[in-house]
1. Roughly how many whole Å is it from the C-alpha centroid of segment 14-76 to that of segment 332-411?
2. What's the exposure ranking of Glu342, Glu9, going from fewest to most Cβ atoms within 10 Å?
3. Pop out the ³J(HN,Hα) list for segment 206-222 in order, Karplus 6.51 cos²θ - 1.76 cosθ + 1.60 with θ = phi - 60°, rounded to Hz; leave Gly and Pro as x.
4. Which of rounded, prolate or oblate describes the chain when judged by the alpha-carbon gyration tensor and an a/c cut-off of 1.5?
5. Return the whole-Å distance between the Cα centroid of segment 85-108 and the Cα centroid of segment 160-201.
6. To check you understand DSSP bridge types, tell me what percent of the beta bridges within segment 22-93 (both residues inside) are antiparallel, rounded to 5.
7. Taking a spot 7 Å from the Cα of Thr439 along the direction of its beta carbon, which residues of segment 308-340 have an amide N less than 14 Å from it?
8. Output the antiparallel fraction of DSSP beta bridges having both residues in the chain, as a percent to the nearest 5.
Amino acid sequence: MKILFAASEAYPLVKTGGLGDVIHALPRALHQQGVDVRIILPAYRLVLEQISNLRIAGWLQVQGAGRLHEIRILETTDQRLGVPLLLVDAPNLFDRPGSPYLHPDGYNWHDNAERFSVFSRAVAQVASSTGMLDWKPDVVHAHDWQTGLLPAFLKLIPDAPASVYTIHNLSYSGIFSHEEFAQLHLPGEWWSADALEFFGNFSMLKGGIIFADKVTTVSPTYAREIQTPGFGYGFDGVLRSHDHKLRGILNGIDQEIWNPATDPHLPHHYSLKYHYLAGKRNNKKALLKQLGVELKDEQLHTPLLGFIGRLVEQKGVDLLLQIIPHILDNHDVRLVILGSGEKHFENALRELAALYPQRLLLTLGYSEELAHRIEAGADLFLMPSRFEPCGLNQMYSLRYGTPPLVHQVGGLADTVVDATQENLKNNTATGFVFYEPSTGAMLHAIERALDLYKKPASWHKLMRTAMAQDFGWNKSANEYIRLYEEVGK
Ligand code: ADP
Ligand code: GLC
């Protein structure tokens, strides 16, 4: 079976969040199961800078916003990806500094509609001909709004491959104006409520929902939630009417990259079988030292709470901001935070960090290494997301023996088992769950966690059950394979 993954990110070449992690680990897992997978990405400057052995596979002419683009399709194999990589090289759209979506000053590129519709059109053409690559996929697997138009473009091409479309986050839905729709020369009949039109604008993500042969999202609970008004961002009706082709498949984690026994970012290695308590203690000491807090061994018992994530409303940063003074004023704990995002959240955190020196340890920015060290060095991992399609950090925490504390939504509900008396007794508890997005509920869960932390035998059992969970990709990769078999010709 031949599958082409089309996305806007793939770790380690380009990543802004969990999408990048998935477009690394899932293709790898499929490859290990014998699937012939390739990945196609835009040729961002950042990606081109990291790759040396590029080959030109061919040229295409692709319609943009009122102009045609001459595009090169590049091919390479990069050890770090583990599967062949194709790039859509349109220098005037992608050879730019900064993130895939944003100008270095932080605003969206003004021509994102053109950038990602050109990418999608080019992928549709490459995937539908045997001429250029001598390889034609059975299924094109498109991801998130940036490739929402791809299943739609495929429907315009005779003998095109089937398509699967995965929604990683419904709140980013690629919404653009009628003027942009017209400039992009999209078929006029697509301006309809049954196609791309969305409350007076158009949505690229909606194209994926309507035109793909199958639609998936990244956890079973999120698949149900997005069919309700509270989580549907206006798409709940469309999703309900396409529910026959919608499925929730839980993301996995890359257990090689996120493995405390071999993680190159960690100063001390450990595993369930190998000194996990000493390993975590030593990592905690090293992490605190790195963040400017030097402690003696006997001072290390103070719980260290961790948070890593994009600083946006989704992640419950407002809840976190409200509870920080309360927990730091009332409990002997420290909190380590790594994140970047909306400026008002960054500023609010900065002000709090100044009020609690040596106790609120804040790093604003992006650091893969520090993320790994926090997963290993913290005692409790906070994930109070207001919604969470899947979430990967809670699964990383489980594997690193850092029980996660989560709001019961989306993938968090599907992966963390609350430390109730009963669940502790029957060895199923892996973390702490709170059931409504309020500061009261979150504080109550934190206090439950801090109480349990004072009982080392129970806490260590919780850690061990967490570390014993298997969230590798195998099971979910098999579910995707079954889905490809259903739609592939
Ligand atoms: P989302 O995709 O919504 O951001 P996920 O939990 O699925 O959430 O994935 C987030 C990924 O991005 C994880 O690998 C996490 O470690 C990483 N990440 C988020 N923010 C940062 C940061 N500031 N520094 C390093 N890694 C980060
Ligand atoms: C999105 C979601 C996150 C999910 C990730 C990978 O960014 O916000 O919950 O884990 O995609 O699917």
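1. Rounded to whole Å, the Cα centres lie 31 Å apart.
2. Details: Glu342 14, Glu9 27.
Arranged by neighbour count, lowest to highest, Glu342, Glu9 become Glu342, Glu9.
3. My calculation for segment 206-222 gives 4, x, x, 5, 6, 9, 5, 6, 9, 10, 10, 9, 8, 7, x, 5, 5 Hz in order.
4. On the way: a/c = 1.82, a/b = 1.76, b/c = 1.04.
Prolate, since a/c reaches 1.5 and a/b exceeds b/c.
5. Segment 85-108 and segment 160-201 have Cα centres spaced 21 Å from each other.
6. Numbers: 14 of 18 bridges.
The antiparallel proportion sits near 80 percent.
7. 317-330
8. Working: 20 of 67 bridges.
Antiparallel bridges make up about 30 percent of those DSSP assigns within the chain.
Just so you know, all these numbers are worked out from the coordinates, no wet-lab data involved. Here the structure is a predicted model, which means the values were calculated and not measured. Here the Cβ is made from the backbone with ideal geometry for all residues, glycine too, and neighbour counts use every protein chain on show.
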